Amino acid sequence: MGVTDPAGPVMDRDEVDRALARLGQEHEAIETSLLALQDHAGRRLLEGAELTGLTKERWQAAEARITLLWGYFDAYADALRAAREIRARRRWSSREDLVELTERLRGESVTVAGNGTLSETFTLSSLVDRMNELYATSLDMVVAADAVWSALPARIDLLAAELQRTRRLAHSVGVRPGEHPSGDDLERITRTLTRLREDVVSDPLGFWVPAEGSSAPGGGRPDTTVYDREARALEDVRREIDAVLTVRQDAEARLIRLRDVLSRADRTLAEARTARGEVLAKIAATEVPVVSGPPTVLQEQLATAAEYRRQAQWHRLSPLLESLERKAEDELLRARESLTAVTAPLAVRAELRGRLDAYRAKVARHGLAEDPFLIERYDAARRMLWSAPCDLRVAEQAVLRYQQLATELLGGPGAPEDRKGDQS
């Protein structure tokens, strides 16, 4: 929409013609803008909608502005038409005509009826400014409402359709309101989206965020905060449903693995208990840790998990399986550590036996197997290590004495290597 030039002294004929041409162009631009506003999809929607809240309040004000805007435009058109008629009286306007045209084109010559008995007087220039202001404010409101209606309801409908698909899938795996948190979440999201759509349709301006510092009509964006929050919540529920579906698909295999892990843990504990009896019988003066029995609570939970699977209560089975898998692995590790702790004395005895035989083989390679002192110490250590119960501390000292004597004979004077050197 155009803006007229400021007023000046009495205009000559050329100035009048130029002013009339400019005002004519402004008239066409204003009329085009008003008709576009009249046909704007957002305005038609506003006229037909049952509005509430901020939108209802602002649309009532906008309707009054648009009505006033058309009144201003009619007054502007009448003033322009009257000025054109004066100019058309003569090819060469008289002084009186030019004075009157100057007054009409630059003076406060346009009177517009206001509310009640009030009226307003404008120059054509100030009237255009006033129409520009009313048009921009009205268009801003219409464009904002239309932008929200164009963006949010369709997105809400798509999310609602996805929500319905998720609800059906959730119901099929036992995720229902009152029985599973995700079922409650789906109900809450459904209520929120229903209410959100109603609010967006009836009060779109309640979901409009104006752009800071923007003077252009419709400068801003739809507020999608609530929509985005519910979309994220639905995505979280979908992930939970996917986890439940995964449980349904591999539940039997996971239960079999759980039984196997717990069975291995039980067998390992049984082996540890047997080994403890053997250690107590064969090793003397040694503290052997007590081996506890398998925890019955894990077997009870495993039976509960199998019952959940039988009843297709996948939403309950999922967290129970995850917990059981962690506990079963911990139980197997505990059983292995218990077996290791119980059999440690037997491992020490085996290491001493191996060391004793290794040194006996070493001295035999050097021709010292028949040394009476070595035979005596070897027999003493061997009796201790192969007798029951075996005192590991005493047996270790016997092995060390045999090892020390063997080392002295192998490295001292008279060793086979030294005797060979003397003969050469």
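The values are calculated or read from the model by the stated rules, or taken from the named source; none is laboratory data. Fair warning: this is a prediction, and the values are worked out from it, not measured in the lab. For neighbour counting, all protein chains shown are included, and Cβ atoms are generated from backbone atoms with ideal geometry for every residue, glycine included. Protein only, heavy atoms only, side chains kept; ligands, DNA and RNA dropped before computing areas. Shrake-Rupley method; radii C 1.70, N 1.55, O 1.52, S 1.80 Å.
Tabulated results
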| quantity | calculated |
| --- | --- |
| In Å², nearest 10: area of Asp250 left accessible to a 1.4 Å probe | 50 |
| All Cα pairs of the stretch 301-394, percent lying beyond 18 Å | 66 |
| Distance (nanometres) between label positions extended 7 Å along Cα→Cβ at Ser292 and Glu120 | 8.8 |
| Rh by Kirkwood over Cα pairs, then Stokes-Einstein D for the stretch 99-171 at 0.890 mPa s and 25 °C, µm²/s | 145 |
| Cα coordinate range in the stretch 357-412, projected on the principal axes (Å, largest first) | 34, 18, 16 |
| Angstrom value of the Kirkwood radius, inverse mean 1/r, which spans all Cα pairs in the stretch 1-98 | 16.1 |
| Glu187-Leu333 FRET efficiency (beta carbon distance; Förster radius 41 Å; 0.05 resolution) | 0.45 |
| Hull shadow area, averaged, the stretch 147-222 [alpha-carbon convex hull, nm²] | 5.9 |
| Largest-first principal axis extents, alpha carbons of the stretch 168-316, Å | 96, 39, 22 |
| Value of D in µm² per second that Stokes-Einstein yields for the stretch 47-109, Kirkwood Rh from Cα pairs, at 10 °C (1.306 mPa s) | 109 |
| The stretch 269-308: GluC sites (Glu not before Pro) falling in loop per DSSP and having at most 12 other Cβ within 10 Å | Glu287 |
| Selected from Arg65, Arg155, Arg87 as most flexible by GNM, with the chain as the system and alpha-carbon contacts under 10 Å | Arg87 |
| Within the chain, helix-based [θ] at 222 nm, where runs of 4 or more DSSP H residues each add -39,500 (n - 2.57), nearest 500 | -27000 deg cm²/dmol |
| Separation of the Ser387 and Ala303 label points, Cα + 7 Å toward Cβ, nm | 5.1 |
| Pair Arg168, Thr194: separation of 7 Å Cα→Cβ label points (nm) | 1.9 |
| For the stretch 27-66, fraction of C-alpha pairs farther apart than 14 Å, in % | 52 |
| Label corresponding to Cα extents along the principal axes in Å when calculated from the structure given, among [x] 156, 68, 30; [y] 70, 62, 45; [z] 53, 47, 44 | [x] |
